[in-house]
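Accompanying notes for the structure given below.
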Amino acid sequence: FFENFFENLERGWRSQGVAMPSAGEEATGDLGASRAKKSCLSKEKCERGPKGKICSKRSREEAKFPRSLKDIVKAFHQSYEQIVSVSLERYYKEELPGLEYCLKRDSQMFDYTIRGGQCFRGVLVVSATLELLGQKGIYPTKTRMQQIMCVAWALEVLQAAFLVADDIMDESHTRRGKACWHKVDHVHAYNDVFKLEHFAFYLLKSHLDKKDFVAIQEIFRGIILKTTFGQGLDLEYSSQIKSFSVNWDAQLVRKRLSMESYLKIVAYKTSYYTFHLPLNAALCLAENTIDKKKKTFQNSTGRKCTLSENKEEENEFDQKTWISRIGLELGQYFQVQDDFLDVYGNPKQTGKIGTDIEQKKLTWLMATAVAKADSKTLKELFAPSEDYVASVKDIFKKLELRKEYLRYESNICKQIRGWVDKAESVLPSKTILVILEKIHSSRIKKEDTEKEE
């Protein structure tokens, strides 16, 4: 698989006028004149681009990111068997001798819980890593490509563990258009959460060298701990909402169920592992790849410099700070949209039946309603009724929360695009903007516009 995938990447890079390395080395921007003649389509079109990279005038910018996201998505899904399935089989053979008869059941569980979604977290790792490397004129070897894919799939395995656990706690019915895993196998589902989580680290350890593994697993473990506490916050605030229906205290409701409280839940439960983790993993992979490349290359002035030169730019736009900031903001937008679609989405398109109101979750819609409602409406929002879900939806409609959401969406998209514009030189900006557009278009595709006129 990786032989074919790398050959396809090579063809894409060559079509952009980027010289490729010989076997066993990585392409860099330090390209000699003889190789430039081979790599460019015509001598007249050749020129030395930023950081010494040689390419045609027409494709100089595109050479930084020569692959479409569609191609990366396709390649990523095709690599599942090569990385996840083969690794599971190897684990059974090496670590669980004599228990091979259990492999079929666990393979089916892995397929059911991991596959079927968009896998955009994993795709984000691959796409962002390639773009960050491309900005430095470095393109990965076949071995490095497999390691990048491994980190991406480890994140998707971890995501599967989170989803199974979340569905159990929320008593959800459907996920990705099919029954939640705990509805399929109630007995083993709880233990499967632990299997999936720990297998993610087995994937990392079995594919990465020591330096990569230590750095990546530290990122993973830090985010897992934050996410666990975030899930705890989500459950705690749900309990508080339930208690307010019995012990009413308007002042306490507005204080505890505020937008500030909601944003804390979102940051720890969703944002860190959904965008902060993949973007920081990509940055780590890119930095370690660059560190391994000892060669220097000619910059645009012809003066030799290291791959990480231009300190002035790095100081002004600190890479980790910007990536963390944008990752958390993307995560907030993603979760707010998920809250919105839980109520206003079409289940046929979202793949799940909304249960947030029934489970009394502190969502963006609930926090906004608490802030907007007058005293009478606020009490009605928590009052028990025969059809509590319909009653809450009527209040949301009265408060025009659909319009509030559309206003929020417009503002946050504008803010993220502005940040990307400002720090474009140190970000995987094209990847981020494509993901932003995917999130936005997802709402349009999945929203049930017939529910409210």
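Here are the numbers for this structure:
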quantity	calculated
Ordering of 117-126, 268-277 by packing [mean C-beta count within 10 Å, highest first]	268-277, 117-126
Per-peptide average of other Cβ atoms within 10 Å, ordering 206-212, 98-104, 323-329, 70-76 highest first	323-329, 70-76, 206-212, 98-104
Rounded, prolate or oblate (a/c below 1.5 giving rounded, otherwise prolate when a/b exceeds b/c) for segment 152-255 by Cα gyration tensor	oblate
Highest average packing first - 257-267, 230-240, 384-394, Cβ atoms within 10 Å	257-267, 230-240, 384-394
Cβ-placed point charges (K, R +1; D, E -1), dipole of segment 73-156 about Cα centre in debye, nearest 20	280 debye
At R0 = 22 Å, FRET efficiency that the Cβ-Cβ distance of residue 437 and residue 176 yields, to 0.05	0.55
For segment 348-418, convex hull of alpha carbons as volume per residue, Å³	115 Å³
Segment residue 235-residue 374, length gained on full extension (0.36 nm per residue, minus Cα span)	47.4 nm
Per residue convex hull volume, Cα atoms of segment 379-438, in Å³	116 Å³
Solvent-accessible area per residue for segment 122-229 (1.4 angstrom probe, square angstrom)	37 Å²
Residue 188-residue 217 pseudo-label distance in nm [points 7 Å out on the Cα-to-Cβ vector]	2.6 nm
Efficiency of FRET between residue 108 and residue 206 - r from beta-carbon atoms, R0 25 angstrom, step 0.05	0.70
Cα-projected label distance for residue 246 with residue 94, points at 7 Å along beta-carbon direction, nm	5.2 nm
Computed label-point distance, nm, for sites residue 254 and residue 389 using a 7 Å Cα→Cβ extension	3.1 nm
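The values are calculated or read from the model by the stated rules, or taken from the named source; none is laboratory data. Treat the numbers as computed from the prediction; the structure is a model and nothing was measured. Reconstructed Cβ throughout: ideal geometry from the backbone, glycine too, with neighbour counts over all protein chains shown. These accessible areas exclude ligands, DNA and RNA; they are computed on the full protein's heavy atoms, side chains included. Shrake-Rupley method; radii C 1.70, N 1.55, O 1.52, S 1.80 Å.
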